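Visitor: Can you keep this structure in mind? I'll have questions shortly.
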Amino acid sequence: MEQQGDGQRSQQAANVRGGTVIEAQFADSSGRLEHLRWEHSVVSVRLENLAPVSAFPVMPGRRWGPGWWWSATTGRHVVHGSVSMRTQLMVLDRDPDVTGLAARPVRLLWRDTSDGRVRSWVPQLFARYADGTGLLADCPSSPTAGGDTAQRARVVLETACARVGWAYRRLEPPPTVVAANLRWLAGYRHPRYEGPPGLRAALTEAFAGPRPLADGAAAVGDPLQVLPAVYHALWSGHLTTPLEEPLHEEALVCVDAGRRGGGVESGWAAATRRGERSGRHTR
C-alpha cells in the first residue's frame, strides 16, 4: 500500500492540533468498556493497571501466537502478540526509568477530517516512566508494517501524546546481537538469581574495573553459583558489558558507570539503558 507523503502527514497533524477531539476507550476492572476524553483519561486512569482493551488475534497457520512476558519491573505478566512485541517488552523491562508496563490498555478514537469517518487505533504497548510521563508504542516487524493506515494513526497518536507531555513511537527492533544478548540475560531477570546476601558486594569488588566475565566470576567463587548472579547484575544494570558484541566468557564486564565513574556498556546498549532507543520522551 502506498505510504502517505510528507505533505499529507503535515496537513493531518495540523488538523489534529487544530482541535480534533480524541477519545480514549478502555476496559474497567469488570471488563466493561469506558470512554473518556483523551486528556482526561491521562490524569484519571492508570493505564499500566489495565487489561487489554482487545485481545491479540490468533492467526491460523502462523507459527507464533500470543504469549506472556513476566516483567521484572512490575512482578506481573504482560501479554504480547508477536516476536517483535516480546523483544520490545524485554527492552522496556530493562529500562531503569520504566515503572509500569501494559499491553493494549487503551483504544484511541477520533473523527477523520478528510471524510468525517470515525477512526481508531490500539497501540500495542504502554510504558509508565518514573517521572509520571507515558509512552504509547507499536512494535512493527518492519518500518512499512501496517501500511498507510498505520502511518495515518501515527500522526494522530504522536500529536495526541504531545498534547499531554507523553510520546508515541513505532519502536525499531534492536540489532540482532543485542537482541540475542538481552534474551540471554532476560533468563536471569528474576530476583532469585541475585544470589545470597553479600554476593553483590563481592561482584562489585571483583568487577571494579573491566575484567573478563569468567575470570571475575571465578575470583568470587564457584562459577556455577556465581554466574547466574553475574547475569542478573548485567540485566539489572549493576554490571555492564558491550551488548553490541556477543556475550561470552572473555567479554569485559565492569561495575555500572554511574556507580564507579566508568563502565564498558556503550553504543546502542548504553542508549537503551538511558531509555533513548525504547522511545523515551525527552523534554
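The values are calculated or read from the model by the stated rules, or taken from the named source; none is laboratory data. Remember, predicted model here, so these are calculated numbers, not experimental data. Counting neighbours? That spans all protein chains shown, and the Cβs are built from the backbone with ideal geometry, glycine included. Ligands, DNA and RNA are excluded from the accessible area calculation, which covers all protein heavy atoms including side chains. Shrake-Rupley method; radii C 1.70, N 1.55, O 1.52, S 1.80 Å.
Visitor: Test Arg192 against the stated conditions and say whether it is modelled with pLDDT under 95, in contact with a helix residue (DSSP H, G or I) (Cβ under 9 Å, 6 or more places away or on another chain) and either on the phi > 0 side of the Ramachandran plot or open to solvent by 40 Å² or more (accessible area, probe 1.4 Å) (or both).
Guide: Spelling it out, it is not the case that Arg192 is modelled with pLDDT under 95, in contact with a helix residue (DSSP H, G or I) (Cβ under 9 Å, 6 or more places away or on another chain) and either on the phi > 0 side of the Ramachandran plot or open to solvent by 40 Å² or more (accessible area, probe 1.4 Å) (or both).
Visitor: Exactly one condition in (1) touching a Cys at 6+ places or on another chain (Cβ under 9 Å); (2) surrounded by fewer than 23 Cβ atoms within 10 Å (Cβ to Cβ) is false for Trp166; which is it?
Guide: (1)
Visitor: Within region 205-213, can one find any residue that is open to solvent by 10 Å² or more (accessible area, probe 1.4 Å) and in contact with a Pro (Cβ under 8 Å, 6 or more places away or on another chain)?
Guide: no
Visitor: Let me ask something else about it. So, in region 170-189, of the ones that are under 20 Å from Val253 (Cβ atoms) and among the basic types (Lys, Arg), which residue ends up surrounded by the most Cβ atoms within 10 Å (Cβ to Cβ)?
Guide: Arg189
Visitor: What number of residues within region 227-241 are of a type in the set (A, V, I, L, M) and open to solvent by 10 Å² or more (accessible area, probe 1.4 Å)?
Guide: Residues in region 227-241 being of a type in the set (A, V, I, L, M) and open to solvent by 10 Å² or more (accessible area, probe 1.4 Å): 1 in total.
Visitor: Just to be sure I understand, how many residues within region 119-144 are open to solvent by 30 Å² or more (accessible area, probe 1.4 Å) and under 19 Å from Ser54 (Cβ atoms)?
Guide: Of the residues in region 119-144, 4 are open to solvent by 30 Å² or more (accessible area, probe 1.4 Å) and under 19 Å from Ser54 (Cβ atoms).
Visitor: Please determine whether any residue of region 220-229 is in a loop (DSSP other than H, G, I, E, B) and polar (S, T, N, Q).
Guide: no
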